[in-house]
Every structure is written in structure tokens, then in C-alpha cells.
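What follows is a short report on a single structure.
Only the coordinates and a few stated rules stand behind these numbers; no lab work does. Quick caveat: nothing in here was measured; it's all calculated off a predicted structure. Here the Cβ is made from the backbone with ideal geometry for all residues, glycine too, and neighbour counts use every protein chain on show.
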Amino acid sequence: MLHDHILVSIVSLLALLLYFVMGLRVGQARAKYGVAAPATTGNPDFERHFRVQANTLEWLPLFLVPLWLFALSWSDVVAAGIGLVWIVGRALYMTGYAKAAEAREMGFVVQALATGVLLFGALGRLIWVAVAGG
């Protein structure tokens, strides 16, 4: 039931809200740097904003699916907490990368570690349940 997973539901929506903000920032960067759609290159400052959004889209399935499987197989509270760490990591990635490509590393590492915990935590639990039979 939904009330059993309200926290992870909120975190999922917060992650998508962050992605929405990234999309808005790409639109603002297009106007600021004169990069008309559908172009995705032309100004390095614009390209960094674009890559933040594109890279986040690439990571969203790797985050959202394990987030929910972790919540279902372990704990909604723990999954939501790790999910918040992922969101903070992506926000750090966004702000760092917008300044300079080299400044994205800390945010990337934070979100990658959170994703790994969710992914391997969910996978390990599911394998355990499958092998143990319940």
C-alpha cells in the first residue's frame, strides 16, 4: 500500500523535480548562450548544462528502480534516506558541472555510491529471498 512507502514516493518525486529544474536550466542556458534548439553544441557553458540533464536522465533508471526494490525488500525509511543522498549528490553534480567539468566529481561520486548501495542492497536481498525461499 502507498502509506507503507510514502517516504520513498516523496523521494522519487523530489528526484524528478530536480530533473525538471535541470531541464529549466538547459532552457535558460540556451537563451543565455544563444544555442537554438535542436542544437546541443556550440558553447561550452551551455554544453555543461545540457550534459548535466542528459547524464541525470541516464542515471534515473539506475536510481529509481533499485530505490523502489530496496524499499520493498528492506525498508522504506532507509531507502528514502539513501535516495536523499542521491539527490544531494546530483545537486552537487549539477552546480559543480555548471561551473567547470572538473568540478562535477564529488557530486558524481556521492550519487554513484548511493546508487550502488541501493542496487546491490536490493539485489542481495532478492537473491537471499529467492535462495532461502522466503
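Scalar couplings 3J(HN,Hα) for the range 5-14, obtained by applying the Karplus form with A = 6.51, B = -1.76, C = 1.60 to θ = phi - 60°, are 10, 5, 5, 5, 5, 5, 4, 4, 5, 5 Hz; x denotes Gly and Pro. Shape of the chain from the C-alpha gyration tensor: prolate (a/c of 1.5 or more and a/b above b/c, with a ≥ b ≥ c the square roots of its eigenvalues). Its Cα centre serving as origin, the chain has a Cβ charge dipole (Lys and Arg +1, Asp and Glu -1) of approximately 320 debye.
Considering the dipole of the chain built from charges on the beta carbon (Lys and Arg +1, Asp and Glu -1) around the Cα centre, which of Ser73, Val117, Ala98 is farthest to its positive end? Value computed over the given set: Ala98. Across the chain, the relative contact order, built from alpha-carbon pairs under 8 Å that are at least six residues apart, equals 25 percent. Peptide packing: for 9-16, 63-70, the average count of neighbouring Cβ atoms within 10 Å per residue gives the ranking 63-70, 9-16, highest mean first. Mean residue ellipticity, 222 nm, helices only, the chain: the sum of -39500 (n - 2.57) across DSSP H runs of n ≥ 4, divided by residue count and rounded to 500, is -29500 deg cm²/dmol.
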